[in-house]
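Every number here is computed from the coordinates shown, using simple stated rules; none is lab data. On a predicted model such as this, the values are computed, not experimentally measured, just so you know. Ideal geometry is used to build each Cβ from the backbone, glycine not excepted, and the neighbour counts take in all protein chains shown.
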Amino acid sequence: MFAFEVKTGQRVSSEELSLFYSYFTMIHCERHRLDNGLTVIINREATTPLVAVNLLYKTGSGSEDPHMTGMAHLFEHMMFSGTTTEPNFDRRVDLAGGQNNAFTNCDVTNYYITLPANNLETALWLESDRMQNLVLTEENLSVQKSVVTEEFKQRYLNQPYGDRFLLLRDLLYGAFHPYGWPPIGKSSSHIESITKEAASAFYKREYSPDNAILVISGNIEVSSAIKLTERWFGSIENSGERKGCSPVKALPGAVAARGPARKVVERNVPADSIYKAWEVPGRSDDGFHTFDMITDILAGGESGRLYRRLVRDKHLLSSVNAFVSGEIDSSMLVVTGMVAKDISANEAEEAIEREIELLSAELVDEKECQKVKNRFRPTFHMSLTGITNRSALLAMHEAAGSADEISSEIVKYTSVTPSMMMTAARSYLTGQRCATLRYKPL
C-alpha cells in the first residue's frame with residue numbers, strides 16, 4: 001500500500017490521502033428549483049471578483065431524430081443569432097466586461113458567461129431572454145446552416161482522418177443508437193435539410209426551463225442570486241412539449257449483442273492508422289472511473305504501456321493514444337495508433353490487441369497504478385480552481401446524476417485497484433465487443 005511521510009512522521013495510507021484531497025476539493029452548493037422546473041445551483045466563491053453563469057440544456061445529439069441529425073449543434077449557433085429584444089448577444093456580454101462560449105456533445109448543450117460579479121444580472125437577463133425569445137427566421141436559419149455545414153466539411157471531410165468518428169461511432173453503435181453519430185451530425189445533407197418548422201419545434205421542446213440546469217459560481221450572495229434567478233427565469237413557462245417525453249437513453253450493453261465490427265477505408269492520408277473502440281460504462285456509472293484509469297495505464301504520456309512498448313521499444317507505431325469519450329449513459333473506450341513507416345498494419349494491430357489482452361490476463365502492477373493516481377490528483381484539483389470550469393463541471397455532474405458527486409470524484413478515481421481494472425477489461429475489452437476502423441493511404 002502506498003504511503004508517504006508527513007512532517008510529523010505520521011504515515012498516511014493512500015485511502016487517507018484520497019480523503020485529504022477530497023476535503024480540499026469539496027465544493028459547497030445551494031440547490032434551488034423554480035416552480036417551472038429550472039434547476040438552480042449556487043456555488044459561492046468569495047475569493048474572486050467574477051461570476052460564472054453556466055446554463056446547460058439536457059439536449060445533445062442523442063436527443064435527435066436519426067434521420068435529421070445535427071440539430072443540437074445547429075442550435076448552439078442559433079442561440080447567438082439574436083432575440084426579439086436583443087439582436088446582438090455578444091456585444092451585450094462585451095459591454096458588461098464578460099466572455100462567453102458554448103459547446104455541444106451527445107448529451108447536452110452548454111452555454112456559459114464569465115463577467116464581473118456586479119454584472120450578474122446582465123448575464124441572467126441575456127440567458128433568460130434567449131431561452132424564450134430567440135428569433136427563428138428563414139434568414140437566420142439559413143445563415144447558421146451555412147456556417148455549420150462549412151464547419152462539417154472543414155472538420156470532417158477536408159482533413160486527413162477527419163471522418164474517423166463519423167465512421168467509428170456508426171461501426172460501434174449502429175445508425176439508430178443515440179450515440180451512433182458525433183454531435184455535429186451524420187451528414188451535411190442532414191443539416192442542409194433542416195426546416196424552420198423542425199427547428200421551431202426543437203427549440204420549443206428542448207429549450208424549456210424544466211430541461212435546463214443553471215449554475216452560478218463566484219463572488220455572489222446565495223440569497224441574492226436566487227432572487228435574481230427568480231426574477232429573470234421564474235415567469236418563463238414550460239412549453240408543455242416535454243410532457244410524457246422520456247429522455248433518450250443509450251442502454252449500456254446494447255452494443256454487445258451486435259458482435260465485432262470492422263471497416264477498412266482508403267483515403268488521402270499520410271499513413272496507415274488504426275482505431276479500435278469498445279462500449280464501456282458512461283459517466284453515470286461508477287465503473288466509468290475504472291476505464292478512465294485504464295486509458296491512462298495504456299497511454300498516459302510517454303510512460304504509458306502502448307507508447308513504451310509499441311512506439312519507443314518496438315517501433316511499430318509512430319504515435320498512440322487511448323481515451324474514454326465520457327457520455328452519460330455509455331462511453332466509447334478508444335485506442336488509436338499511427339502505423340510506423342515500413343511496418344505492416346496487420347502486425348501493428350495485432351500488437352495493440354496483445355496489449356489489450358494483457359489487461360485481462362494479469363494484474364496491473366501496483367506501482368504502475370499508483371503512478372497514474374499520483375498524476376491524476378493535482379490535475380483534478382486544478383480543474384476545479386477556475387469558476388468557469390467549475391460551473392460547467394457542476395452542471396455536467398447534475399445532468400449525470402447530482403452536482404454533489406463532484407466532491408467524491410477524486411475518491412472514486414483513487415479507489416480503483418489493479419484487480420478492478422483486470423475484471424473490467426475481461427468483461428468489456430474483448431474482441432467480440434470491438435469495433436475496428438482502419439485507414440489505408442490511396
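By the rule of a C-alpha distance below 16 Å, with chain neighbours fewer than 8 residues away ignored, the lysines paired with Lys145 are Lys153, Lys186, Lys196. Dipole magnitude for the chain: computed about the Cα centre from +1 point charges on Lys and Arg Cβ and -1 point charges on Asp and Glu Cβ, it is near 700 debye. For region 188-202, the Karplus equation 6.51 cos²θ - 1.76 cosθ + 1.60, evaluated at θ = phi - 60°, returns couplings of 5, 5, 4, 5, 5, 8, 5, 9, 4, 5, 5, 5, 4, 5, 5 Hz by residue, with Gly and Pro reported as x.
Karplus-derived 3J(HN,Hα) values for region 367-373, using 6.51 cos²θ - 1.76 cosθ + 1.60 with θ = phi - 60°, are 5, 4, 5, 5, 4, 5, 5 Hz; glycine and proline are entered as x. Among Ala271, Ser284, Val320, pick out the residue whose Cα is farthest towards the positive end of the charge dipole of region 261-324, where Lys and Arg carry +1 and Asp and Glu carry -1 on C-beta, about the Cα centre. Of Ala271, Ser284, Val320, it is Ala271. For Leu317, the residues 5 or more places off, or on other chains, whose built amide H falls under 5 Å of its own are Val311, Ala340. The string of couplings for region 264-271 from the Karplus curve (6.51, -1.76, 1.60, θ = phi - 60°) is 10, 10, 9, 9, 7, 10, x, 7 Hz, one whole number per residue in order, with x for Gly and Pro. Rg and Dmax of the chain, both derived from C-alpha coordinates alone, stand at 23.3, 71 Å.
A full extension of the chain between His32 and Asp65 corresponds to an added length of 8.7 nm, given 0.36 nm per residue minus the alpha carbon distance.
The long axis of helix 222-233 is offset from the longest Cα principal axis of the chain by roughly 70 degrees.
Between Lys153 and Thr84, residue separation times 0.36 nm minus the direct Cα-Cα distance comes to 21.7 nm.
Dividing the summed -39500 (n - 2.57) terms of all DSSP H runs of n ≥ 4 by the residue count of the chain sets its mean residue ellipticity at 222 nm at -12000 deg cm²/dmol.
Run a plain Debye calculation on region 26-181 (Cα atoms as equal point scatterers, no solvent) and give log10 I(q)/I(0) at q = 0.08, 0.14, 0.20, 0.21 Å⁻¹, rounded to two decimals, same order as the q list. Values returned for q = 0.08, 0.14, 0.20, 0.21 Å⁻¹ are -0.30, -0.86, -1.31, -1.37.
Residues Ile274, Ile27, arranged from fewest to most other Cβ atoms within 10 angstrom of their Cβ, appear as Ile27, Ile274. Put in line by how crowded their Cβ is, counting other Cβ atoms within 10 Å and starting with the fewest, Glu139, Glu366 read Glu139, Glu366. Annotation: extensible slack from Arg375 through Arg267 equals 35.1 nm (criterion: 0.36 nm per residue apart, minus Cα-Cα distance).
The order of the peptides 343-354, 300-311 by mean Cβ neighbours within 10 Å, most packed first, is 300-311, 343-354.
With contacts taken as Cα pairs under 8 Å at a separation of at least 6 residues, the chain carries a relative contact order of 22 percent. Can you give the angle from 0 to 90° between the axis of helix 138-152 and the longest principal axis of the chain, with both taken from C-alpha atoms, to the nearest 10? Orientation of helix 138-152: about 20 degrees from the principal axis. Looking at the square roots a ≥ b ≥ c of the eigenvalues of the Cα gyration tensor of region 293-436, which shape do they give, rounded for a/c under 1.5, prolate if a/b is larger than b/c, or oblate? Here region 293-436 falls in the prolate category.
Convex hull volume of the C-alpha atoms in region 130-187, normalised per residue: 100 Å³. Ordered by the number of other Cβ atoms lying within 10 Å of each residue's own Cβ, fewest first, Leu171, Leu333 fall into the sequence Leu171, Leu333.
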